[in-house]
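Okay, so here's the structure we're looking at.
The values are calculated or read from the model by the stated rules, or taken from the named source; none is laboratory data. Here the structure is a predicted model, which is why all the values come from computation and not from measurement. Positions of Cβ are generated from backbone atoms using ideal geometry, with glycine treated the same way; all protein chains shown enter the neighbour counts. These accessible areas exclude ligands, DNA and RNA; they are computed on the full protein's heavy atoms, side chains included. Shrake-Rupley method; radii C 1.70, N 1.55, O 1.52, S 1.80 Å.
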Amino acid sequence: MKDILLSQQDGVLTITINRPEKKNAITREMYAAMADAFESVASNNDVKVIVIKGEGDSFTAGNDITMFANASEETTQDTVRFMKALAESSVPVVAQVHGAAVGIGTTLLLHCDFVYCADSTYFSLPFINLALVPEYGSSLLLPKLVGHKKAAEWLMLGDAFDANEALSAGIVNKVCSIDELEQTTQQTVSKLLSKPKHALRQTKALMKSEQDEMMTHLHTELKVFGEQLASAPAKEAFDAFLNKRKPDFTQFD
Ligand code: COA
C-alpha cells in the first residue's frame, strides 16, 4: 500500500510511514499493513532487524483523527494488532525519528530497542487534550522510566517535549542533526547484522521479562481508551481539530 512502504534487503526490513501530506497520521489500513509486516517477520528467518521511519517532514502525527472520530471496535482492531506485533517482535527494532512524533508516534518508541532522533524532533502525548487516556502501556512504562512527576507533565498536562528531554528521559538512544540521522541509524543496523542471529533474538526475549505485566496493562488502558473515545468530550475534541478550532470542554464539567 502506498501509505506504508516496505523494503527488505540484506536482512533488514524497513517500514516507512509515507503519508507526508497528513504528517504521516496513521489510518486503520496503515496499522493493518504495519501489523502484517511485523507479524510476517515471526516466520521469516531472513529478517534480522526492523527499521521504522517516516517520509517527509515528520515521523508521524499519530492516529488519524478522522479515524478516531468514526471509531468502532472493528476499526481499532488493526491498531491493537499492530501494537501487539511490535511489542512482541522477536527481532530488534530500530526507530529513526524526526519532525513530529505525536501520540502513538511517541508511545511506539517505548517498544523499540533503539531510537535515534533528529535534534529538531517534537514529541507529544496529547491524549488528555483529546479527552482520551494514554495507550500502548505508556501509563505503566513512562512513570517507571521517567518518574511520576515527569510522566504527569506529559500525560496529564499533555506538555510537548524536545529531543534533549527525550534523551535525558531515556526514550531515545542518541540525538543528532537531521543530516546525520540516516547514518546514525545505519551504524546500529550494521552492528546488529554482525551479531549471531539466534543469540540476538534470545537476548531480546530475555530483556522482555516484564512483558506480561505490560500486556495486561495495555489491555486495561484499551478498555478505558475505548470508553473515552466514545465520550462527548472526545467528540468535541475531534470536531475541534478537524474544524481547526479550540475545543470547549467546560460544557461537560
Ligand atoms: N490526523 C488527521 N490529520 C492530521 C493529523 C492527525 N493526527 N495530524 C495532522 N493532520 C493533517 C492536518 O489536518 C493537515 O491537513 P490539511 O492540510 O488537509 O488541513 C495536515 O495534516 C498538515 O497538518 P498541520 O496541522 O497543518 O501541520 P502543522 O505543522 O501546523 O502541525 C502537528 C503539525 C503534528 C503539530 C499538528 O498537525 C497536530 O497537532 N496534529 C494532531 C496530532 C494529534 O493530536 N494526534 C493524535 C494523537 S493521539
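Tabulated results
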{"quantity": "3J(HN,Hα) from dihedral phi, region 112-124, Karplus parametrisation 6.51/-1.76/1.60, rounded to Hz, x for glycine, proline", "calculated": "8, 8, 9, 10, 10, 9, 6, 5, 8, 5, 10, 9, 7"}
{"quantity": "Whole-Hz couplings from phi, Karplus 6.51/-1.76/1.60, listed for region 74-81; x for Gly and Pro", "calculated": "5, 6, 8, 4, 6, 4, 5, 4"}
{"quantity": "Efficiency of FRET between residue 223 and residue 145 - r from beta-carbon atoms, R0 25 angstrom, step 0.05", "calculated": "0.60"}
{"quantity": "For region 4-179: lysine pairs under 30 Å (alpha-carbon distance), excluding those fewer than 8 apart on one chain", "calculated": "26"}
{"quantity": "Ellipticity estimate at 222 nm from DSSP helix runs (n ≥ 4, -39,500 (n - 2.57)) divided over the chain, nearest 500", "calculated": "-14000 deg cm²/dmol"}
{"quantity": "Sequence-distant residues sharing a close amide H with residue 122 (under 5 Å, placed H)", "calculated": "99, 100, 101"}
{"quantity": "Pairwise label distance in nanometres, residue 212 with residue 195, each label 7 Å out on the Cα-Cβ vector", "calculated": "2.5"}
{"quantity": "Cα principal axis extents for the chain, largest first, Å", "calculated": "59, 36, 36"}
{"quantity": "Gained length - residue 57 relative to residue 231, 0.36 nm times residue gap less alpha-carbon distance", "calculated": "59.4 nm"}
{"quantity": "Amide H within-cut-off set for residue 52, under 5 Å, with H built and near neighbours excluded", "calculated": "15, 94, 95, 96"}
{"quantity": "Modelled FRET efficiency - R0 25 Å, residue 245 with residue 162, Cβ distances, 0.05 increments", "calculated": "0.40"}
{"quantity": "Region 1-84 pair-distance distribution - Cα-Cα, 10 Å bins, rounded %", "calculated": "18, 48, 28, 6, 0"}
{"quantity": "Paramagnetic label zone (point 7 Å from Cα along Cα-to-C-beta, residue 44; backbone N under 18 Å) in region 106-137", "calculated": "113"}
{"quantity": "Dipole in debye (nearest 20) - the chain, about Cα centre, beta carbon charges: Lys, Arg +1; Asp, Glu -1", "calculated": "500"}
{"quantity": "Cα-projected label distance for residue 176 with residue 9, points at 7 Å along beta-carbon direction, nm", "calculated": "1.7"}
{"quantity": "Long-range amide H partners of residue 63 with built H, under 5 Å", "calculated": "26, 104, 105"}
{"quantity": "Under Karplus coefficients 6.51, -1.76 and 1.60, residue-wise ³J(HN,Hα) of region 22-39 in Hz, glycine/proline x", "calculated": "10, 6, 6, 4, 9, 9, 4, 5, 5, 4, 4, 5, 6, 4, 4, 5, 5, 5"}
{"quantity": "Carbon + sulfur, % of accessible area of the chain - ligands and nucleic acids excluded, 1.4 Å", "calculated": "53"}
